[in-house]
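Following: one structure in structure tokens, then a few remarks.
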Amino acid sequence: MTSDAAPRQEVIRTSIWQEEPEPDNPFAAAVCRCRGYDVYGELLGKASFIEYLCLLFLGERPTQVQAKLLEILAIALANPGPRDASVHAAMSAGVGGSPAASALMAALGVGAGGLGGGREVRVAMEAWEQLGCNLSDWEAFLRHPPHAERADIWPEMEHAPGFDPHAVRCATPVAQTLDTLAACGAGPHLPWLAGQRLTLESAAGAPLAMSGVAAATCRDLGLSAEQGEMLYLLLRLPGAAVHALEQAQLGFKRFPFFHGAVKYVGQQPDNE
Amino acid sequence: MTLSTLLEHEDNWPTRLGYASVQDGTVSLRGHDLLNALEDLSWMDMLMFGITGRRFSSEQLELFQGLWKISASYPEPRLWNNRIAALAGNARSSAGLSLGAAIAASDATIYGQRPMIGAFDFLQRARAACGGGQTLQSFVARELEVYRGIPGYGRPLRSVDERLAPAERLARKLGLWGGPHAQLSIAVAEILRTRRMGMNVAAIAAGLCADQGLTSREYYRLTLLAFTAGLIHCEFDAATHAEGTLFPLRCERLHYSGPASRGW
């Protein structure tokens, strides 16, 4: 047997989760506390799921306004609908009989990027962190988005973050979500975004997208850009799950294959 | 982009990559009959032809594959992406899910894809800067000042990289040693020697591959699967152990530092 060092009792450091073991099994928890609250001994039956989600992300029991914001956002994001690329990916897994986890992984992978995905929310939130509610700074940013000097796993953003490059006008559900969230009494980002939306859309050359609303909401919840990205990814999974299940039941013959859509425009096949 | 872009692409995906015909079973890769005319194509050859549209010599293809083996496929379940694969195997997930999750995690910052892309990009920018008259010393100094580090130099667990010599040996054997980017990677290592930022294999691999004419976007696609052998090995090994036995943790090994016990 070879080993590079003697084993030592390393620990997982956390300010979120605390456990007390069962008396007869050090690997089984008898008590689990989340940020100080006994999850199974007290929270169950008292806290709502949204309150618990807030506690996990924010570290504290949410205010009524915070809980309301997150509940509205969670419903708005829960199902992007089967035309959305992330849900399309999940359905593609479902229709092929792939494992349930692969449907969610597909939705996460596709829904992680710079067009309507977690990456877009993070970039938009970083802009909020830098620009606050300064209209002239936002206009300058949207007209001339900064370019990264170094290459990365993420491609460069091809449009203003939080705005929809394909849309003609702000989609009705996006506007409805923004109006509902802005009326919750939170701030300052959502009310400011609602008030300046048309000016910002003009500077961006594109209408506001749901990712932009989500970014502003996450800022008003007090989340960091990294937390907002993670929460956005998480909240969009329910729709992907149920649409994957539905298409798995319907089968691949009733799912679009896009017959005739792929058109080869490169070098013509040779006569090898 | 506007609405017209979507309308133009509705049921229309023009591509130079290829297609598979549902009607006659033809499979075309960049204009070549994949199943007949390209039957002697190695897997690495097909991968790189599909990515770049260019063909590479057998030596270049051997270099790409050799760098995969040398740099990224350790049979070590403690390494973070390998650990994901191993945990999946030990928790009795599927091998496919294990690999997918672990490859996704390899888009990492302290190891994996970001240092590899970063090193490649750094060497290309360094070469361009030096070609424009800047000294390598000043370019390196600016990178350190702005970004506080240089991808491909420094290593999280072990400062000396045991993979450098095998990588150089492979490139020399194939007659592919000594290109400008590889030389540059060595020159940068000399500059950083006094800063305890030892060169790691990401820098030399990036230099060698940049010398084969790859772009950074192409290089990222090449390296995507670099870890897969180690990931599969770790998953398979963990799947043969008793379930749930990979690095079990006692409750007391959670070192809690949050709020004290309180009532809701």
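Assigning unit charges at the beta carbon (Lys, Arg +1; Asp, Glu -1) and nothing else, what dipole magnitude in debye, to the nearest 20, does the protein assembly as shown show about its Cα centre?
So the magnitude is around 840 debye.
Using the Cα atoms of the stretch A:1-114 to build a convex hull, what is its mean projected area in square nanometres?
Numbers: hull surface 53.0 nm².
Mean projected area of the Cα convex hull: 13.3 nm².
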Equivalent ellipsoid semi-axes - Cα gyration tensor, the stretch A:197-238, angstrom: 22, 12, 7
Binned Cα-Cα distances of the stretch A:17-62, short to long, each 10 Å bin given as a whole percent: 29, 48, 20, 3
Rg and Dmax [Cα atoms of chain B; Å; Rg one decimal, Dmax integer]: 22.4, 72
Reciprocal of mean inverse Cα separation for the stretch B:137-179 (Kirkwood radius, Å): 12.6
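Helix-only mean residue ellipticity at 222 nm, chain B, DSSP H runs n ≥ 4 weighted -39,500 (n - 2.57), per residue, nearest 500. What is it?
Using -39500 (n - 2.57) per qualifying helix, the result is -16000 deg cm²/dmol.
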Nonlocal amide H pairs with B:Leu246, under 5 Å, H built at 1.01 Å: none
Unit charges on C-beta of K, R, D, E only; dipole of chain A, Debye: 720
Unit charges at the beta carbon, dipole of the stretch A:68-250: most positive-side option, A:His147, A:Ser98, A:Gly109: A:Ser98
D (Stokes-Einstein, µm²/s), Kirkwood Cα radius, the protein assembly as shown, 1.306 mPa s at 10 °C: 60
Nitroxide proxy distance, nm - points 7 Å out along Cα→Cβ at B:Trp80 and A:Lys253: 4.8
Per-residue SASA entry for B:Leu3, accessible area with 1.4 Å probe, Å² rounded to 10: 80
12 Å beta-carbon shell around A:Leu235, net charge (K/R +1, D/E -1): -1
Radius ratio Rg over Rh of chain A, counting only Cα atoms, Kirkwood formula for Rh: 1.05
Solvent accessible area, Å² - B:Glu145, 1.4 Å probe, full protein context: 150
Nonlocal amide H pairs with A:Trp17, under 5 Å, H built at 1.01 Å: A:Arg35
Extent along principal axes [Cα atoms of the stretch A:130-260; Å; largest to smallest]: 53, 39, 30
Paramagnetic reach from A:Asn25 in the stretch B:239-264 [backbone N under 19 Å; point 7 Å along Cα→Cβ]: B:242-254
Most fluctuating residue given options B:Cys234, B:Cys209, B:Cys130, as computed from a GNM of chain B linking Cα atoms under 10 Å: B:Cys130
Charge dipole of chain B about the Cα centre (unit charges at C-beta), most positive-ward option of B:Asn81, B:Leu192, B:Ala105: B:Leu192
Rel. contact order, % - alpha carbon contacts under 8 angstrom, at least six apart, chain A: 24
Rounded to whole Å, sorted largest first: equivalent-ellipsoid semi-axes of the stretch B:190-264, Cα gyration tensor: 40, 24, 15
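Suppose every Lys and Arg Cβ carries +1 and every Asp and Glu Cβ carries -1, with no other charges. What dipole size does chain B come out with about its Cα centre, to the nearest 20 debye? All intermediate terms of the calculation are to be shown ahead of the outcome.
Values: 27 positive and 25 negative charges, 267 e Å.
Roughly 1280 debye, rounded to the nearest 20.
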Cα gyration tensor shape of the stretch B:113-223, rounded if a/c is under 1.5, else prolate or oblate by comparing a/b with b/c: rounded
Calculated FRET efficiency for the pair B:Arg221/B:Phe247, C-beta based, R₀ 45 Å, to 0.05: 0.90
Lys/Arg +1, Asp/Glu -1 at C-beta; the stretch B:113-223 dipole; positive extreme among B:Ala202, B:Ala182, B:Phe122: B:Ala202
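The values are calculated or read from the model by the stated rules, or taken from the named source; none is laboratory data. Just so you know, these numbers come straight off a predicted model, no measurement behind them. Every residue, glycine among them, receives a Cβ derived from its backbone with ideal geometry; neighbour counts consider all protein chains shown. Surface accessibility is based on the protein's heavy atoms, side chains included, excluding ligands, DNA and RNA. Shrake-Rupley method; radii C 1.70, N 1.55, O 1.52, S 1.80 Å.
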